[in-house]
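Colleague: Please see the structure below; I have some questions.
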Amino acid sequence: MRITARDRDIFQFLLEQKFASLEAIYFRFFDRRRHAADPLPREFFVTRQRLGRLCKAGLLVTERVYTESKSLFRLALNGYHVLKQASREVPYALPVKSVDFRSFDHDLRVTYCRVALERSRRAVQWISERQIRKNGLVLRGSKLPTNVVPDGVFLTANNQWIAFELESSNRKASRFDQKALDYHHWLSSGLVDHVLWVACDAAILQALKNASGYFPKFTLATYDEFSRQLFPGGKP
């Protein structure tokens, strides 16, 4: 089958994010709606058809976690080799072999936030957590320390580097405090210009406010602010 530039972009996206839902791939690569409030296409036919062909060709694989009725998509090893042959840079890691249920909900929400940021052009380049963990990350001639690893780092249109972090479960206040302090050191050293810290519920948002309130250059947001940019009514 003929592999298009969009197919290769999907392969790269899945390599970076580990997996994605049908909806995430639709929003990132197929969506032609003008507004998030507009109805979603019935059955996502065009997206589902293309992904089905890529699966049939052995380039993608589907998987389900037991809490979800819908299939998730992963990059197959054959798709990785297609990407590797087409890329100027050798991909930094093999595709994941399965979806980790322990971090499934968190990882999927990070992917939706990434898509919302890229669609709005707030992010013009995204470096995934997976890439950072595998290769490390050098920004402005300095390697980022490994005391904290963000869920992503992205470049804005005005050349600012933003550390992105999403919290989907509440933690001890001391853990949020330490993370805020670690990122404050990054900011003070000029490694990044800003931190975007996203909470998945009101209790977590308050905890993030408590942890980061003494430090400048932290922006707090809720996950709903991002999901509303994609889903009619702001779900899931």
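Colleague: If you take the Cα atoms of segment 100-236, find Rg, then find the Kirkwood Rh from the mean of 1/r over all pairs, what is Rg/Rh?
Modeller: Ratio of gyration radius to Kirkwood radius for segment 100-236: 0.94.
Colleague: Moving on to the next point. May I ask you to derive the FRET efficiency for PHE215 and GLN160 from their Cβ-Cβ distance with R0 = 22 Å, giving the value to the nearest 0.05?
Modeller: Efficiency, from the Cβ-Cβ distance: 0.85.
Colleague: Find the percent of Cα-Cα distances in the chain that exceed 24 Å, and round it to a whole number.
Modeller: 47 percent
Colleague: Do any GluC sites (Glu not before Pro) in segment 38-116 lie in a DSSP loop with no more than 13 other beta carbon atoms within 10 Å, and if so, which?
Modeller: GLU89
Colleague: Same structure again: Placing +1 at every Lys and Arg Cβ and -1 at every Asp and Glu Cβ, with all other atoms neutral, what dipole size does segment 188-236 have around its Cα centre, in debye to the nearest 20?
Modeller: So the magnitude is around 20 debye.
Colleague: Show the residues, 5+ positions off or on another chain, whose built amide H is closer than 5 Å to the amide H of ALA20.
Modeller: Distant-sequence amide H within range of ALA20: PHE73.
Colleague: Which of GLN12, LEU187, GLY136 sits closest to the plus end of the dipole of the chain, meaning its Cα is farthest towards the positive end, when Lys and Arg get +1 and Asp and Glu get -1 on the C-beta?
Modeller: GLN12
Colleague: Do the alpha carbons of any pairs in LYS18/LYS235; LYS84/LYS179; LYS134/LYS179 sit beyond 28 Å of each other, and which pairs?
Modeller: Violating the 28 Å Cα-Cα cut-off are LYS84/LYS179.
Colleague: At most 11 other C-beta atoms within 10 Å and a DSSP loop state: those are the exposed chymotrypsin sites (Phe, Trp or Tyr not before Pro) I care about. Give me the longest piece of the chain that has none.
Modeller: Counting at most 11 other Cβ atoms within 10 Å as exposed, the longest clean stretch of the chain is 67-213.
Colleague: Kindly write out, for segment 6-14 in residue order, the coupling ³J(HN,Hα) from the Karplus curve 6.51 cos²θ - 1.76 cosθ + 1.60 (θ = phi - 60°), rounded to whole Hz, with x marking Gly and Pro.
Modeller: Karplus-based 3J(HN,Hα) across segment 6-14 equals 5, 4, 5, 5, 5, 4, 5, 4, 5 Hz.
Colleague: Projected onto the charge dipole of the chain (+1 at Lys/Arg Cβ, -1 at Asp/Glu Cβ, origin at the Cα centre), which of ALA157, PRO216, LEU51 gives the Cα projection farthest towards the positive end?
Modeller: LEU51
Colleague: Hey, got the dipole for segment 47-141? About the Cα centre, +1 on K and R Cβ, -1 on D and E Cβ, debye to the nearest 20?
Modeller: 280 debye
Colleague: Rounded to the nearest 20 Debye, what is the dipole magnitude of the chain about its Cα centre when Lys and Arg each give +1 and Asp and Glu each give -1 at the C-beta?
Modeller: 720 debye
Colleague: Next question, about the same structure. Write out the trypsin sites (Lys or Arg not before Pro) in segment 1-32 meeting two conditions: DSSP loop, and at most 13 other Cβ atoms within 10 Å of their Cβ.
Modeller: Filter output for segment 1-32: ARG2, ARG32.
Taken together, the values in this text are just the output of simple stated rules run on the coordinates, not laboratory data. Everything quoted here is computed from the prediction, not taken from an experiment. Quick reminder, even Gly has a Cβ in these numbers, built from the backbone with ideal geometry, and neighbours come from all protein chains shown.
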